[in-house]
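Working notes, beginning with the structure itself.
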Amino acid sequence: MAHAERGMSAPPEVVFNTVIDPDRAAAWLPEPLRQDGDRRPELVSGAEMCARWCSDSAPGWSAEIRVKAADAGGAQVRLDLAGADADGLAEKTLANLAREVADNLTAG
């Protein structure tokens, strides 16, 4: 399992809403977790700002994201990613999510 953490300069609610938006998931979720068609997380805890995905078509792949408030109104995001090539993919996945969060802020 690979782990990655990253700060984002957006409110945690904006980050979490981007995380759970199925229309934005294709832009940041790793390919094996996008193959099942429905990119909605299987578990969402809004109170804890936690979401998890698993793949039926790519066994062994899963992702769990936790978003927490950080200083100055930003967010701290932790990703736990499991899969065949997860080690090199965790940081890239969070970078892709950061781009989606920035696009979400600019659009809204």
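The values are calculated or read from the model by the stated rules, or taken from the named source; none is laboratory data. These figures come from a predicted structure and were not determined experimentally. Cβ placement follows ideal geometry from the backbone for every residue including glycine, while neighbour counts extend to all protein chains displayed. Remember, those area values only see protein heavy atoms, side chains included, never the ligands or the DNA or RNA. Shrake-Rupley method; radii C 1.70, N 1.55, O 1.52, S 1.80 Å.
Could you order Val44, Val19 so the one with the most accessible surface comes first? Probe is 1.4 Å.
Largest to smallest exposure gives the sequence Val44, Val19.
Hey, if you put +1 on the Cβ of every Lys and Arg and -1 on every Asp and Glu Cβ in the chain, which of Gly74, Ser57, Pro30 ends up farthest toward the positive end of that dipole?
Going by the Cα projections, it comes out as Gly74.
Modelling each spin label as a point 7 Å along the Cα-to-Cβ direction, I'd like the Thr106/Ser9 distance in nm, to one decimal.
A separation of 1.4 nm, rounded to one decimal place.
Carbon-plus-sulfur fraction of the accessible area of the chain, 1.4 Å probe, in percent?
Summing carbon and sulfur atoms, their accessible area is 45 percent of the total for the chain.
Treating the angle as unsigned and between 0 and 90°, give the value, to the nearest 10°, between the Cα long axis of helix 86-107 and the longest Cα principal axis of the chain.
40
Treat every Asp and Glu Cβ in the stretch 17-108 as -1 and every Lys and Arg Cβ as +1, leave all other atoms uncharged, and give the resulting dipole magnitude about the Cα centre to the nearest 20 debye.
Computed charge dipole of the stretch 17-108: roughly 200 debye.
Take every Cα-Cα distance within the chain, group them into 5 Å bins from 0 onward, and report for each bin the whole-number percent of pairs it holds.
Per 5 Å bin, starting at 0, the Cα pair percentages come out as 2, 14, 26, 27, 20, 8, 3, 1, 0.
Using alpha carbons only, how many angstrom separate the centre of the stretch 4-48 from the centre of the stretch 54-100?
Comparing the Cα centres of the stretch 4-48 and the stretch 54-100, I get a distance of 8 Å.
Taking a 1.4 Å probe, which of Ser55, Ser9 shows the most accessible area, and what order do the others take after it?
Sorted by accessible area, descending: Ser9, Ser55.
Points 7 angstrom from Cα along the Cβ direction at Glu48 and Glu91: gap in nanometres?
Label-label distance for Glu48 and Glu91, simple model: 2.8 nm.
Whole number in Å², please: accessible area per residue of the stretch 34-108, 1.4 Å probe, ligands, DNA and RNA not counted.
56
Add -39500 (n - 2.57) for each DSSP H run of 4 or more in the chain, then divide by its residues: what number comes out at 222 nm, to the nearest 500 deg cm²/dmol?
-11000 deg cm²/dmol
Only Lys, Arg, Asp and Glu count, each charged at its Cβ (+1, +1, -1, -1), so figure out the dipole size of the stretch 6-69 about its Cα centre, rounded to 20 debye.
The dipole magnitude comes to about 240 debye.
Pairs of alpha-carbon atoms within less than 8 angstrom and 6+ residues apart define the contacts here; what relative contact order does the stretch 41-92 have, in percent?
Relative contact order comes out at 24 percent.
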